[in-house]
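What follows draws every value from the coordinates through simple rules; no lab data is involved. Keep in mind it's a predicted model, so treat the numbers as computed, not measured. Cβ placement follows ideal geometry from the backbone for every residue including glycine, while neighbour counts extend to all protein chains displayed.
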Amino acid sequence: MGSAETVKTPRILRVEVMPLDCGETAVVVELASAPGRAWEKALKRVLSETEGLESAQSRCDGRFVYIIGIEPGGRGTLHRVNQVLAAIHERVAPRNGHSMPAMPARQPPNGGMVSASL
């Protein structure tokens, strides 16, 4: 299909933040469907540009996205991750004016649930 193909952003079902035994923090994002390559690339790019998440690494495994290497004790980790997910949606959403409507301010991107174990 080439470059004319519409890039779909997967719907976010759940985001969980949890401490790891090694002292770092991990984030697990569950998606409704496996993300495409453009979405994965946008995730890596936005992570590297986000304050406090520059050293974090992401790995996609089917419908799950793991973000590791987050410094422990960083306040606002969940908020920063939600901002990253919203930024990815903006980068890969269709630009033809038929993008998804804006979400309410307190709801995570794509209507997912948020959970934090910290």
(request) Please find the FRET efficiency linking residue 8 to residue 61, where r is the Cβ-Cβ separation and R0 is fixed at 22 Å, and quote it to the nearest 0.05. (result) 0.75
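Which FRET efficiency value, to the nearest 0.05, is calculated for residue 68 and residue 91 with the Förster distance at 25 angstrom and r the Cβ-Cβ distance?
0.70
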(message) Under a Cβ-only charge scheme (Lys and Arg +1, Asp and Glu -1), can you give me the dipole magnitude of region 3-59 about the Cα centre, in debye to the nearest 20?
(response) 360
(request) Grab the Cα-Cα distance for residue 48 and residue 79, subtract it from 0.36 nm times how many residues apart they are, and report the gain in nm with one decimal. (result) 9.6 nm
(request) Starting from the Cα gyration tensor of region 32-87, take the square roots of the eigenvalues, sort them a ≥ b ≥ c, and report rounded, prolate or oblate (rounded when a/c is under 1.5, otherwise prolate if a/b is larger than b/c, else oblate). (result) prolate
(request) Sort out for me the Cα centre separation of region 59-94 from region 21-43, rounded to whole Å. (result) 6
